[in-house]
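> This is the structure I want to talk about, given as structure tokens.
Computed from the coordinates by the stated procedures, all read-outs in this text should not be read as laboratory data. What you are looking at is a predicted structure, and each value in this text was computed from that prediction instead of being measured. All Cβ positions, even for glycine, are placed from backbone atoms using ideal geometry, and neighbour counts span all protein chains on display.
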Amino acid sequence: MRFSTTIAGSLPKPDWLADPETLWPSWHLGGDALHGAQADATRIALFEQQRARIDVVTDGEQSRRHFVHGFACALDGVDATKVERRGIRADRYEADCPTIVGPVRRAAAIHAGEIRFARSATSQRLKVTLPGPMTIVDTLVDHHYGSRAKAALAFAHALRAEIEELVAIGVDVVQIDEPAFNVYFDEVDAWGIDALDTVVDGVGCETVVHVCYGYGVPANVAWKASLGGAWDQYARLFPMLARSGVHTVSMELAGSRVPPPVLDLLGEKNVAIGVIDVATNDIETAEDVCATIELARRYLPDERIHCSTNCGMAPMPREVAYAKLRALGAGAALARERA
Ligand code: ZN
């Protein structure tokens, strides 16, 4: 189908589950009650996406406290209790970063339980999102490897094992979130693409890499304001992504200062264009979404255009996020009618 729809990954958590509108929320329940509440929140996330005519759905990341920590802190070799506050994404913001204390190993399945539940709860195409190796390394403190490239490769192997298990459960699409790719271009070239390919090559389902300008939190909004009138990050990154084995690139477009001609730089990749801005609570109209799709059509053939959100919606008010989902579905339908 033309202009198929998906979301970057996360949706807001209900306030009976976790602190609303925060990036590292605390859970409001524990033990079995927490798992039951996460399952209920997943049902709501799936329902709201279906209602909004989203074609490829996610579990809304309702069972993860944060998109990086959920995976990384479950691995052997990462100590979640040993935390240091430091600048991440080239000091764009400070975060409490867990520590790599030994060889990284995936001793057991990490997201299989919640993804098995999501698989049982929907017959739609299901996407799972996982943090990429570079973004994981950039969100931890390393006291073991002494090399970001070596650490990233260890996480890449752990991700690969996790993905193979999720594909066996019935996941249709795997998306690797690599916001750090938009910051460290020399490292992307030197080892980032190789690490990505170690994760995705030949895993037996559609693969996506998501590279964005971040959540709509104040530190990111301030960073974006400092980047000038035309953002040149994608122009540097996309030729490198074009040589990777990943099938689809998920990128930010709506309401941004991304120069649309960068869409020409992705070789033959499919492109999941962001048609929903997550840095504003204003709800797009179907016409707004349709206009962003029309913009992409100047550079890409219809069969390579997918529609998504610019980034995750975890920190947004719930009703705003759901209204934006409906705008996404309605705008893609409108574009299909007109194409
Ligand atoms: Zn993002």
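> Can you sort MET316, MET1, MET251, MET240 so the residue with the fewest Cβ neighbours within 10 Å comes first?
Values: MET316 22, MET1 9, MET251 27, MET240 16.
Fewest-to-most Cβ neighbours within 10 Å comes out as MET1, MET240, MET316, MET251.
> Using Cα-Cα distances under 8 Å and only pairs 6 or more residues apart, what relative contact order does the chain have, in percent?
For the chain, the relative contact order is 21 percent.
> Another question about this same structure. Pull up all non-local amide H partners of VAL83: gap of 5 or more, or a different chain, and H-to-H distance under 5 Å with H placed in the peptide plane.
Here the answer is none, since no amide H 5 or more places off falls under 5 Å of that of VAL83.
> Also, I was wondering about something else. Using amide H atoms built in the peptide plane, which far-off residues or other-chain residues are under 5 Å from GLU206 H to H?
Here the answer is VAL174, since their amide H atoms fall under 5 Å of that of GLU206.
> Beyond a 24 Å Cα-Cα separation, which of these cross-linked pairs lie in this structure: LYS127/LYS224; LYS82/LYS127; LYS13/LYS324; LYS150/LYS269; LYS127/LYS324?
Correct reply: LYS127/LYS224; LYS82/LYS127; LYS150/LYS269.
> Still on this structure: Distance between Cα centroids, segment 288-325 to segment 1-21: provide it in whole Å.
Using only Cα atoms to place each centre, the spacing works out to 13 Å.
> Give me SER10, SER63 sorted ascending by neighbouring Cβ count inside 10 Å, so fewest comes first.
SER63, SER10
> Using only helices, what value at 222 nm comes out for the chain when you add -39,500 (n - 2.57) per DSSP H run of length 4 or more and divide by the total residues, to the nearest 500 deg cm²/dmol?
Using -39500 (n - 2.57) per qualifying helix, the result is -11000 deg cm²/dmol.
> If one puts a single equal scatterer on every Cα of segment 221-330 and applies the Debye formula without solvent, what log₁₀ I(q)/I(0) results at q = 0.10, 0.14 Å⁻¹?
Cα-only, vacuum Debye calculation for segment 221-330: -0.29, -0.56.
> Next question, about the same structure. What residues qualify as long-range amide H neighbours of ASP142, i.e. H under 5 Å apart, gap of 5 or more or another chain, H built at 1.01 Å from N?
ILE100
> Related question: Just to confirm my numbers, what's the Cα centroid distance between segment 61-113 and segment 120-140 in Å?
13 Å
> From the backbone phi of segment 204-215, what are the Karplus-calculated ³J(HN,Hα) couplings (6.51 cos²θ - 1.76 cosθ + 1.60, θ = phi - 60°) in whole Hz, Gly and Pro given as x?
Listing the rounded values in order: x, 8, 5, 10, 9, 10, 9, 10, 9, 9, x, 4 Hz.
> Taking a quarter of the surface of the Cα convex hull of the chain, what do you get in nm²?
Computed as one quarter of the Cα hull surface, the answer is 15.1 nm².
> Something else: Counting other beta carbons within 10 Å of each Cβ, put VAL183, VAL217, VAL68 in order, fewest first.
By the 10 Å Cβ count, ascending: VAL217, VAL183, VAL68.
> Related question: Using a simple charge model, +1 on the beta-carbon of Lys and Arg, -1 on the beta-carbon of Asp and Glu, nothing else, what dipole does segment 181-271 show about its Cα centre, in debye to the nearest 20?
For this selection, approximately 380 debye.
> For Cα pairs less than 8 Å apart in space and 6+ apart in sequence, what is the mean separation divided by the residue count of segment 1-91, i.e. the relative contact order in percent?
Result for segment 1-91 is 31 percent.
> Quick one: Cα centre-to-centre distance for segment 235-252 and segment 174-231, in angstrom?
One Cα centre to the other: 9 Å.
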